Amino acid sequence: MLENIDFTLVNWSRGQFALTAMFHWLFVPLTLGLSYIMAYMETMYVKTGDPEWKRITKFWMKLFGINFAIGVATGIILEFEFGTNWSNYSWFVGDIFGAPLAIEGIMAFFLESTFIAVMFFGWDKVSKRFHLLSTWLTALGASLSAIWILVANAWMQNPVGTFFNPETARNEMTNFWDVFLSETAVNKFVHTITSGFVLAAIFVIGVSSWYLLKHREQLLAKRSIVIASVFGLLSSLVLIWSGDSSAKEIVKTQPMKLAAMEALYEGQSGAPLVAFGILRGADKELTADSQADFLFKIEIPSMLSWLAYGDGESFVAGIKDLILGNEEKGILSYKEKIKRGYEAQQALIALKEAIKEDPDGQEANALKAKFRDPVFIKNNVQYFGYGNYYDPDPEKLEKNAFMMVPPISMTFYAFHIMVILGGLFLLLFVVFLYLIMKNQLHTQRWLLWAGVWSIPLVYIASQAGWIVAEVGRQPWVIQDLMPTMKAVTQIDVGSVMTTFILFAITFIGLFIAEIRIMLKQIKVGPQKKEDINHV
């Protein structure tokens, strides 16, 4: 019953985790992308012997180090919150979620932390080639760190390769490779890491543009822009491909997220794609009569159907199709899923009572067998989480069903901001690369300023992507199995509020400190040429 849920506690716990995750993600993408840009620059130094490449590498490495240190601090807090604020979630999926995080700590973190010391302090103390290897291994370690966390997140979005054990009421991994190589996990890793590459490329272009505007460090700026433009352009192409693959996967595993991304209330054949639009009243209380209401929109006919299914005439389910059901299209209503999930929960309660009376009795064994029955698993267990919204009152049940929709406006705007800005960044890479190769970039001051101001825009796009991924899957912490409201630790809400405020003050302070230190180092610039070989 929803009446038994303390939504104040749930909302503050969600807010605290969102605060930590979003601040953490301010630092991670730059680490992911800048590490590879640095590694390539150092490769050019080792290959050519040109000390200017060493000077350029050490400058970007200094900015990388500032960002890396603060990113580690926020990441540690994030992992502790799973135990402090989300203990029910940790219990329910600890056997699955813990494995990728453990591998991340053992393999990636030690690889990254070991070689990063050589990268920063090993100049002129180890051979050029060993130092270069350390820089590449640091970049690889950052990517390995990301992959395990993203695999865990992908499983939450699409729980595969696991089995629900009714005797322990926990999910257990049955096939590691199904979890690790699921289509959701592969798409999420490729899309997320290439978004970090794009962010880093924009960061390098923006800083280099500032130097060109100030008539400083011309060679550093031009060389950096060439590398960043090529790196960003290639990354953008992969980003578009992985985004398309992710959208097709969302159609199959999270159709409500797709409907929210496009504010699609009524399912359509030949559904148009909203290229740009302004919503009106999208977050009012949903009912069976609710309709999409745009103040203004630009649509591309049949494009959503084509992107989702590769066929411009295909049917794309809308929000109300998913809630109310669509028998013609074989879509179960949320009310039916709630009832089926409730039956699974009642069977679990009955099994626990039977085990208490006689663990090997006839009733206990019959219920155990029921949870191994493929038909019961398909028809009931896979909707286990929906049962938390059950109410015997038909009116309340219908109202609960309409509650199970993510915030439409936030998901819609975040998705479109991400896509529009991504398109602008692709164009920016092409133009910058063309003009720098023609040696005309320094004459286009407006474009250089556009490069500078693209830095905050790329961070907005990066945050928007995670809003789509995480807000768009609400109310689920694990898709179809556990709603967010059941995952929280039952602690005093005042404690969560207090730590939220403390974290907010700490993170804002760290963020301001990072910006000030970064700006100071950028203004100071790289080492003088005469000093580079003596440090």
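Derivation of every value follows stated rules applied to the coordinates shown; laboratory data play no part. Keep in mind the model is a prediction, meaning the values are calculated, not measured. Glycine gets a Cβ as well: all are built from the backbone with ideal geometry, and neighbour counts include every protein chain shown.
Here are a few things to note about the model shown:
- Averaging 1/r over every pair of different alpha carbons in the range 307-455 and inverting the result gives a Kirkwood radius of 20.6 Å.
- For Arg170, the residues 5 or more places off, or on other chains, whose built amide H falls under 5 Å of its own are Asn165.
- Cα Rg over Rh - the chain, Kirkwood: 1.01
- Residue (of Thr48, Ala146, Ala401) at the positive-pole extreme of the chain, dipole from beta-carbon charges: Thr48
- Exposure proxy for Phe120, Phe415: other Cβ atoms within 10 Å of each Cβ, ordered fewest to most, give Phe120, Phe415.
- Proximal lysines to Lys284, defined as alpha-carbon separation beneath 29 angstrom and excluding residues fewer than eight positions away on the same chain: Lys248, Lys252, Lys257, Lys297, Lys320, Lys329, Lys335, Lys337, Lys339, Lys396, Lys399, Lys486
- Cut-off under 5 Å, modelled amide H: who pairs with Leu279 long-range: Leu295
- Charged side chains reduced to their Cβ positions (Lys and Arg at +1, Asp and Glu at -1) give the chain a dipole of some 2760 debye around its Cα centre.
- A simple rule links phi to the HN-Hα coupling: the Karplus curve 6.51 cos²θ - 1.76 cosθ + 1.60 with θ = phi - 60°, which for the range 321-327 gives 4, 6, 7, 8, x, 8, 4 Hz, with x for Gly and Pro.
- Each of Ala282, Pro392, Val381 was scored by the projection of its Cα onto the charge dipole of the range 258-405, and the greatest displacement toward the positive side belongs to Val381; charges sit on the C-beta of Lys, Arg, Asp and Glu.
- Using alpha-carbon coordinates, inclination of helix 7-48 to the longest axis of the chain, degrees: 30
- Dipole magnitude of the range 258-405, debye to nearest 20 (Cβ charges: Lys/Arg +1, Asp/Glu -1, about Cα centre): 300
- Excluding exposed DSSP-loop GluC sites (Glu not before Pro) (at most 15 other C-beta within 10 Å), longest clean stretch of the chain: 314-529
- A simple count of charges around Lys222, restricted to other residues whose Cβ falls under 13 Å of its Cβ and scoring Lys, Arg +1 and Asp, Glu -1, yields +1.
- Derived scalar couplings ³J(HN,Hα) [the range 267-281; Karplus, 6.51 cos²θ - 1.76 cosθ + 1.60; whole Hz; x for Gly, Pro]: x, 9, 8, x, 5, x, 9, 7, 6, 7, x, 10, 7, 9, x
- Equivalent ellipsoid, the range 215-351 (semi-axes from 5 times Cα gyration tensor eigenvalues, Å): 40, 21, 16
- Charge context of Gly161, other residues only, Cβ under 11 angstrom, K/R +1, D/E -1: -2
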